[in-house]
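No value in this document is a laboratory result; all are computed from the given coordinates. These figures come from a predicted structure and were not determined experimentally. FYI the Cβ positions are ideal-geometry reconstructions off the backbone, even for glycines, and counts take in every protein chain you see.
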Amino acid sequence: MIKVFRERWQRWVNRRVPRSDSQSFNQKNIFILPTGAGVVFGILLLVMLITGINYQNSLIYLTTFLLGALFVGAMHQTHRNLSGLRLTVTQPGEGFAGDEVPYRFRASAGNGPTIAIRLSCEDSTLAPFHIPAGQAKDVSLPVPSAHRGYLRPDMVRIETRFPFGLLKAWSWIRPVSPAIIFPRPVAAPDAGSTVEDGDEDSAQRTTPGNDNADLRPWREGDLSQRVMWKRYARTGQMVVADWEGEQGNPQWLDFYAFAGADNELRLSYLAWQVLERAKASTPFGLNLPGQVIEPDQGPAHVTRCLRALAVWGEEPPRDAIAAEHGTRRHEAPREKEAAA
Amino acid sequence: MKLTQAFSLGRETVEPANALPSNALLWLIGSFAILLAPQWDRLPIWLVAACGILAVWRWLAQEGRVRLPGRWLRTGIMLVLIAVYVATVQGRFTVDTAASFFVLAVGLKWLETRSTRDFYVLFFILVYLAGVNFLFQQNILWSLVNFLAVALLLVGLQVLNAPDLPSDMPSGWRRLGGLLLKTLPVVVLLFVFFPRMAPLWSVPLVSGEARSGISDTMRPGDISNLAQSSERAFRATFGGEIPAYRDRYWRGLVLDYLDGETWRQGREEGFRRPGRIAMDGGVGPLGGSEYDVLMEPTDQRWAFALEGSSAVSDNVVEEGDDLFRFRRPADSTMRYRLSLDESSGAGAAELSNAERRRFLQLPSSGNPRARELAEELSRQLSDEGIVDELLTRFREQEYFYTLRPPAMPEDGIDALLFDQKRGFCAHYAGATTFVLRSAGIPARVVVGYQGGDSGAGGEYLIVRQYDAHAWVEVWLDGQGWVRIDPTVAISPARIESGLRDAMAEEGSFLEDEVLSPQKYGDMALVQWASLQLDRINYQWQRWVVGYQGQSQMDLMSRLPGGIGLRELGYLTAGIVGAGLLIAGLFSALQLRRGERRDDFQKVLLSWHRACESAGVPVRQGETPNALADRLAQARPSVTETARRFARMVNSHYYKPSSESDDQELRRMRRLLGTMKRQLREASQRRQPHTESGPAS
């Protein structure tokens, strides 16, 4: 019963707060309710009213009315605090799984100042900030990440309790752009000692998953054990099997290098290796099933590799595409094409 | 990590004392200090001191100079203070003691205020404390002080919710002021129209503490103590002419039982459970013979009335001896209405034997010389003759009216009449009654006030404590009770123009009250200012504080349409509803005005839609010119219009326009309309080929 109700509520909210990287807040999507303190305040006013009635004390009446009217006034103030505000995702964050990933927003106030706004997402909350009328401010909200891949906070809550904290007005932004979460780096087992041993190689080759090892042309410095001589005999091309690129060639970080590890662990090892290489500023390439990044170095290259690791095998999140208010449903895909 | 922390300490984790913003706390402490002020005279001094220390402690902890006490110390402080409180209160439960307990609770709460939640708890308690203050003090100055304290609280809440507000944003005061201005009309309407229901249940009396004023016993020195106070006793407004000064005898109570040196009320006032509060002090304008009395709280049931009055309002009832009583002790300012009947000569009736005994009662012994004098007089003269003789004696012999009478410890009446001959009204009234009773004439002491000065503008009389007076009523056959005032014989000035003139020579008028403006009767400015202040307060009391049941009905009866309590209820609901609606509309309108600038956005969006339905998808970040070019390629017929439109968009965004926004907008809309029409025409011509959405 509660679940049904909650789902229905969620659907209703989602209709009002469509997925979008930019959300402006107005009567349509601002919700306002008294806080716990506000409820107690209401009870206090009732008690004061009764005191006023029983003691026939006009001044207590007056105080009660004054505070009651201020409460209603505060309701508008709190509402106005949010309305007119526009929140835009400027940069979805990047980071390692398990860390908090900063999501950058730009908040621009409408024609009134916006005071004591609090952004929060799940457990992470940003200290309240203020924006003077007509100005904008960049904030970044750390979003906790659990595992690698795309991370898209379902709802980022924006809330204000100003001026009195007796009422809270809130709404959400549901960003479209996902953050990219790199695999958590895990120190890769030092596989260096297994390189020389040809027997080990053959043993490894039998492990499942090695069948679709990547083949690549021979390069200067490849060990002769790596060359697929049979193929050379057949085709005359020097091809190297790259399942142990790591050991075979320090320039290549290879997905298949870690026998027995599951895919996620492999990615974590690779992330660690990428970081190690970046620290030592040695050039390296990345070999993933379905994607090869040529050896290079520099921060951009490192980021590119980490991103590749992060989204390997992941689909970007998608759901009903956010349509601007007033656009027709069937036009939306075209828009997307145009954007791409 | 967290786990080990929790286990290793095993104590409550102490949240840092400065988790709350310092300035917010300061507002709260300031408000508390202000809220204590109206109660300064009723709170025990140790309580005020303790509250001060605890609040300062909290503040020092905030500053990081001391630590907040741990749990044990806190409990200890709490127990000690509660013990002292219990010892002071001694089991009396009144609203007064409850209020001081409330203050104590606030004081103790300071040490526990660590989180936002505690802050709100304090806020609520302090708001209610402001309400409680209104039970005790209702004059305009203290009310303003109280409202100021509430305002401080509300500013404090704003600071709590936005502690680091930049200085270029409106401050808490300005915001609160703006809110108040906007809500004030609704508050005033609510105040006027909210139905003033009868009390839902009867509540305990506000105060259990003695107030200055007349008491129901009279020892010879009592009234002269009262004469040193310039506090207001009551104010009276007359519908007709104000009686002459010498006729302003405000009867309060009759003391008919002499107990040694002390005069008491012979009939015990029966204990009555205090009824519900009735504030209905008469409706409508005053009739020619009517007068209103606005009495300061006395905690007593006595109402003061001129001789020959009868009750008009229902909150006073007439009881025996031509006295008036409230239905409930006056623990707050009371207004009541009486009317004067000049013709009331109640003299016709006879005294019953019981009454005769009552008014002839005397102690069995004491004051032999006075008794002797009475016997001597009664042998020679009739009743009336004795009265005259006595007054003549006071007038002609060397009797003095003084605020500094000598001590007359034994046989005080003898000492006064024959030796010292110096006394105050209470002395002479008691002595006269004694002599009359000894001579076999029924007599009684009446206590009340005599006199009263005009307030500012002469609209009403102010009667002060120093107008307290005692006089004698004597039963003369055929005439009934007749007032005789020995003070008239001794010091006519007291009765003709008041105590100040009577004491002019002695210089003892308000000796101890250095600050009272009444003391400086000759300084016109001081007098004027104090009277103006009193007038403001009088109007405040009458129209704001005293705006209750009947006065509301009175006001409503003057409005068209019969408005009863029920209609008032509807009206109130209407006001609240309308207030909410107007406020909502207002803020929506403001919002709309804020979005005006986005009208351009709307026009642009509409253009984009037109482009898309013409089969030209809008690319992200495309300039208007580029879009216009592509549109022109797809539909050559609109080339000119599209380019012009794009130019206008550009000039709106990038050039300071000479036109007003409205004009520009209108031109853009017109152009867009043309463009759409051209597009439609073009698509009609091309109908067979392209299907571009159901709407086009």
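Evaluate E = 1/(1 + (r/R0)^6) for residue B:246 and residue B:116, where r is the Cβ-Cβ distance and R0 equals 51 Å; express this FRET efficiency to the nearest 0.05.
My answer for the efficiency is 0.15.
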Next item on the list: Sort out for me the Cα centre separation of segment A:127-195 from segment B:540-561, rounded to whole Å.
Entry: 60 Å
Notebook entry, point to check: For chain B, what mean projected area does the convex hull of the alpha carbons give, in nm²?
Noted result: 50.8 nm²
Item checked: Rounded FRET efficiency, nearest 0.05, which uses the C-beta distance separating residue A:3 from residue B:644 and R0 of 60 Å -> 0.55
Item checked: With Cα atoms, 0 to 90° folded angle of helix B:661-685 axis to chain B main axis -> 40 degrees
Item checked: Separation of alpha-carbon centers, segment A:41-104 and segment B:451-518, rounded to whole Å -> 58 Å
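Classify segment B:386-486: rounded, prolate or oblate, from the alpha-carbon gyration tensor (a ≥ b ≥ c, eigenvalue square roots; a/c under 1.5 rounded; otherwise prolate if a/b is larger than b/c)?
oblate
So for B:553, A:1, fewest C-beta neighbours within 10 Å to most, what's the order?
Ordered from fewest to most neighbouring Cβ atoms within 10 Å, B:553, A:1 come out as A:1, B:553.
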Checklist line | Options B:183, A:256, B:351, ranked by Cα towards positive dipole end of the protein assembly as shown, top entry (Cβ charges) | finding: A:256
Margin query: How big is the protein assembly as shown along each principal axis, measuring the range of its Cα positions in Å and listing the largest first?
Written below: 166, 79, 55
Check: If one computes P(r) from the Cα atoms of segment B:49-123, what percent of pairs lie at distances over 22 Å?
Finding: 25 percent
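Counting helices only, and only those DSSP H runs with n ≥ 4, report the 222 nm mean residue ellipticity of the protein assembly as shown as the sum of -39,500 (n - 2.57) divided by its residues, in deg cm²/dmol to the nearest 500.
Per the formula, -14000 deg cm²/dmol.
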Item checked: Lys, Arg +1 and Asp, Glu -1 on Cβ, resulting dipole of chain B about Cα centre, debye, nearest 20 -> 6240 debye
Checklist line | Residue order, fewest to most surrounding Cβ atoms within 10 angstrom, among B:676, B:421 | finding: B:421, B:676
Next item on the list: Work out the length of the dipole vector of the protein assembly as shown about its Cα centre, built from +1 on the beta-carbon of each Lys and Arg and -1 on the beta-carbon of each Asp and Glu, and round it to the nearest 20 debye.
Entry: 5660 debye
Next item on the list: Could you work out how far the C-alpha centroid of segment B:52-100 sits from that of segment B:399-413, in angstrom?
Entry: 48 Å
Notebook entry, point to check: What is the P(r) of segment A:1-122, as percent of Cα-Cα pairs per 5 Å bin from 0?
Noted result: 2, 8, 12, 14, 13, 13, 12, 9, 6, 5, 2, 1, 1, 0
Checklist line | Exposure proxy order (Cβ contacts within 10 Å, fewest to most) of B:256, B:41, B:321, B:477 | finding: B:41, B:477, B:321, B:256
Note to self: Shape verdict for segment B:32-184, please, from the Cα gyration tensor: rounded (a/c under 1.5), prolate (a/b greater than b/c) or oblate.
What the structure shows: oblate
Checklist line | Rounded tilt (10° steps) of B:549-558 against the dominant C-alpha axis of chain B | finding: 70 degrees
